[in-house]
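Here's the structure, in structure tokens; my notes come after.
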Amino acid sequence: MENAPIPVVTVQTVPYDDQRPGTSGLRKKTSVFESKRNYLQNFTQSVLSSIDLRDRQGCTMVVGSDGRYFSRTAIETIVQMAAANGIGRLVIGQHGILSTPAVSCIIRKIKAIGGIILTASHNPGGPAGDFGVKFNVANGGPASESVTEKIYQISKTIEEFAICPDLRINLSRLGRQEFDLENKFKPFRVEIVDTVEVYLNMLRTIFDFTAIKGLLTGPNQLKIRIDAMHGVMGPYVRRILCDELGAPANSAVNCVPLEDFGGQHPDPNLTYATSLLEAMKGGEYGFGAAFDGDGDRNMILGRNGFFVNPSDSVAVIAANICCIPYFQKTGIRGFARSMPTSTALDRVGKVMKIPVYETPTGWKFFGNLMDAGKCSLCGEESFGTGSDHIREKDGLWAVLAWLSIIAARKRSVEEIVKEHWARFGRNYYCRFDYEDIDPRAAYYLMRDLEAVVTERSFINQQFAVGNHNYTVEKTENFEYTDPVDGIVTRNQGLRLIFTDDSRIIFRLSGTGSMGSTIRIYAESYERDPSKIDREPQVVLGPLIAIALKLSQIHDRTGRRGPTVIT
Ligand code: G16
């Protein structure tokens, strides 16, 4: 007997005023999505309504999640609403799991109109943790500011949403499922796809798998340790690094995606990926890496826990880009980094005569450059590295890039980085994060600081700390004019540049779920090869002292120090 068509219903709702997407999607405490009436539905409808009706009817979208708590419930709602809003086909990862890079890859591969990713990235998960919804567009990358602004405007006045409450899909069964809907001419289709397959096939076209396999197997194999931090990357690490590239099964740890990431922050840095750091310090492994919840961030470590700063990581990959077959085919069009990322990449670009773009924080800005054929490789201080193979940062791509370089250069991670510093000089770098600050205190701090540092008399001011002397060369609130579409993005961080190329930057984060986060970045450049092996925090101590004094951040927030130091 044929099933009766599934009803499409319209539900009345009341708008929320806090659904403006941040640096990458809408991130809130899970409880906000779980308990505030229609919170997810309102935002999902705003996303779907932001797509022009003609483009939306019958189109294909991709849906994935990093597996965190509330993802399955959210996927069910999104499927029901996509169907009711005229989407023709949804491609979803099996069990609802897809990494952010895999979503970007699939959107591009199947020419979907976009995708929805359920993740709060590196933020903790679980009922007491964070949840998030990201909307990516047809190029595979995060929606531009004009799109997210449109979504926000819709969310402020929304009065109803459309949904098929009786539609149920099976997320475990690979393959196609079809549903007849009331008043719809064509059936609504859902396709459940393997989590890894499409992404793996793409990586095969980028890297020399035989060379990497040669490095990871055999009597002189490089022993690696890869920590998926119970995020989405577990299945990718096992299948790609272990099954395909031959790394022993015990190289991969924390590979079962958990709804609460085992109670940890799935954040690949020295503060949260401590078990990897400890394992690397033991000296047994020559290469270590960790990923965040949704698999776009990465941290690279060498033997004995040698830390590769993310700003250095992209610069080293740039300088060794010929070790990656993909770039031999495509050529190198340009490099890009976000403004707070150290200028190490600029020095490589200068030597290689490749243009380097400086963008605001947020991967969407790189996507625009890539679409216009202006950027091949980019990176951010926030543990993001990637290329124009997709339009998101890509943690496993970064790992394979590093393994390709090690295989070609036959050097250790530490040797590669130190040779890089000897050749290009070293950009000492560190970041202080003050999390969950009262938003009013953060706002006034930034406002007052801007008034001080942008006064004309501030230029040429001298700061003496110990026997260091810094002279202010330039100060500004960073704004960016996109070289492709001319759109100007303002208020992207206060920066002080000194005559010796040192920089101090103050910026409000756009990814927190509670209060405000102020980030302070400090950087100084050392050309002298005899001085490139020092402790960053010692070298940067005087600049940090200037930053703390100028901002009075401790007095104004009642904090005694940062929440996290990177
Ligand atoms: C997102 C963006 C990145 C950005 C990072 C940090 O990453 O995709 O481009 O650098 O947030 O942003 P903020 O400094 O504003 O907190 P993810 O991995 O959190 O999605």
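Mind telling me which of the residues G126, G132, G140 ends up being over 26 Å from V9 (Cβ atoms), within 15 Å of the ligand (Cβ to nearest atom) and assigned to a loop (DSSP other than H, G, I, E, B)?
G140
Just checking, does region 20-28 include any residue being away from the ligand (no atom under 16 Å from the Cβ) and among the charged types (D, E, K, R)?
Scanning region 20-28 turns up no residue that is away from the ligand (no atom under 16 Å from the Cβ) and among the charged types (D, E, K, R).
Tell me whether region 204-216 contains one or more residues that are more than 25 Å from the chain's Cα centre (by Cα), closer than 16 Å to G88 by Cα, more than 16 Å from the ligand (Cβ to nearest atom) and not aromatic (F, W, Y).
no
The rows are residues; the columns are (1) surrounded by 14 or more Cβ atoms within 10 Å (Cβ to Cβ); (2) farther than 28 Å from S513 by Cβ.
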| residue | (1), (2) |
| --- | --- |
| G129 | yes, no |
| K134 | yes, no |
| V137 | yes, no |
| G140 | yes, no |
| S146 | no, no |
| I154 | yes, no |
| N170 | no, yes |
| E182 | no, yes |
| F185 | no, yes |
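Take the residues of region 6-60 that are touching an Asp or Glu at 6+ places or on another chain (Cβ under 7 Å) and aliphatic (A, V, I, L, M): which is farthest from E392 (Cα to Cα)?
Among residues in region 6-60 that are touching an Asp or Glu at 6+ places or on another chain (Cβ under 7 Å) and aliphatic (A, V, I, L, M), the one farthest from E392 (Cα to Cα) is I6.
Mind checking which strands (runs of 3 or more DSSP E) fall wholly inside region 458-519 and carry at least 2 residues that are surrounded by 18 or more Cβ atoms within 10 Å (Cβ to Cβ) and of a type in the set (K, R)?
Result: 503-508.
Name the single residue, out of those in region 524-540 being assigned to a strand (DSSP E or B) and touching an Asp or Glu at 6+ places or on another chain (Cβ under 8 Å), that is surrounded by the most Cβ atoms within 10 Å (Cβ to Cβ).
The qualifying residue surrounded by the most Cβ atoms within 10 Å (Cβ to Cβ) is S524.
State the number of residues belonging to region 541-566 that are part of a loop (DSSP other than H, G, I, E, B) and either surrounded by 19 or more Cβ atoms within 10 Å (Cβ to Cβ) or touching a helix residue (DSSP H, G or I) at 6+ places or on another chain (Cβ under 9 Å) (or both).
7
Can you say whether P340 is under 21 Å from T481 (Cβ atoms) and within 15 Å of the ligand (Cβ to nearest atom), as far as the supplied structure shows?
Considered against the rule, which asks whether it is under 21 Å from T481 (Cβ atoms) and within 15 Å of the ligand (Cβ to nearest atom), P340 comes out as yes.
Could you give every pair whose Cβ atoms fall below 7 Å, whose first residue belongs to region 20-48 and is over 13 Å from A120 (Cβ atoms) and touching a residue at least 24 places away in the same chain (Cβ under 8 Å), and whose second residue is among the basic types (K, R) and away from the ligand (no atom under 16 Å from the Cβ), counting only separations of at least 6 or pairs across chains?
L48/R56
Looking at (1) of a type in the set (D, E); (2) surrounded by fewer than 21 Cβ atoms within 10 Å (Cβ to Cβ); (3) touching a residue at least 12 places away in the same chain (Cβ under 8 Å), find the lone condition where E197 falls short.
Against the list (1) of a type in the set (D, E); (2) surrounded by fewer than 21 Cβ atoms within 10 Å (Cβ to Cβ); (3) touching a residue at least 12 places away in the same chain (Cβ under 8 Å), E197 comes up short only on (3).
Out of curiosity, is A162 at negative phi, out of contact with any Lys or Arg (no Cβ under 7 Å at 6 or more places or on another chain) and assigned to a loop (DSSP other than H, G, I, E, B)?
On the way: at negative phi: yes; out of contact with any Lys or Arg (no Cβ under 7 Å at 6 or more places or on another chain): yes; assigned to a loop (DSSP other than H, G, I, E, B): no.
Spelling it out, it is not the case that A162 is at negative phi, out of contact with any Lys or Arg (no Cβ under 7 Å at 6 or more places or on another chain) and assigned to a loop (DSSP other than H, G, I, E, B).
Can you find a residue that is of a type in the set (G, A, S), more than 19 Å from V413 (Cβ to Cβ) and buried (at least 17 other Cβ atoms within 10 Å of the Cβ) anywhere in region 233-251?
The answer is yes, given that some residue of region 233-251 is of a type in the set (G, A, S), more than 19 Å from V413 (Cβ to Cβ) and buried (at least 17 other Cβ atoms within 10 Å of the Cβ).
Give the residue that is surrounded by the most Cβ atoms within 10 Å (Cβ to Cβ), with candidates limited to residues of region 310-330 that are at pLDDT below 95 and not hydroxyl-bearing (S, T, Y).
Here is the first cut: in region 310-330, the ones at pLDDT below 95 are 328-330.
Next cut, not hydroxyl-bearing (S, T, Y) only: 328-329.
Numbers: Q328: 11, K329: 9.
Applying the filter and picking the extreme gives Q328.
Restricting to region 188-220, count the residues that are within 19 Å of H389 (Cβ to Cβ), assigned to a helix (DSSP H, G or I) and either of a type in the set (F, W, Y) or in contact with a helix residue (DSSP H, G or I) (Cβ under 8 Å, 6 or more places away or on another chain) (or both).
Residues meeting the conditions: 10.
Could you give me the residue pairs with C-beta distances under 7 Å whose first residue belongs to region 467-480 and is modelled with pLDDT under 90, whose second residue is surrounded by 14 or more Cβ atoms within 10 Å (Cβ to Cβ) wherever it lies, and which are 6+ apart or on separate chains?
Partner pairs satisfying both residue conditions: H468/P542.
The values are calculated or read from the model by the stated rules, or taken from the named source; none is laboratory data. All values derive from a computational prediction rather than experimental measurement. Note that we place each Cβ from the backbone using ideal geometry, even for glycine, and neighbour counts take in every protein chain shown.
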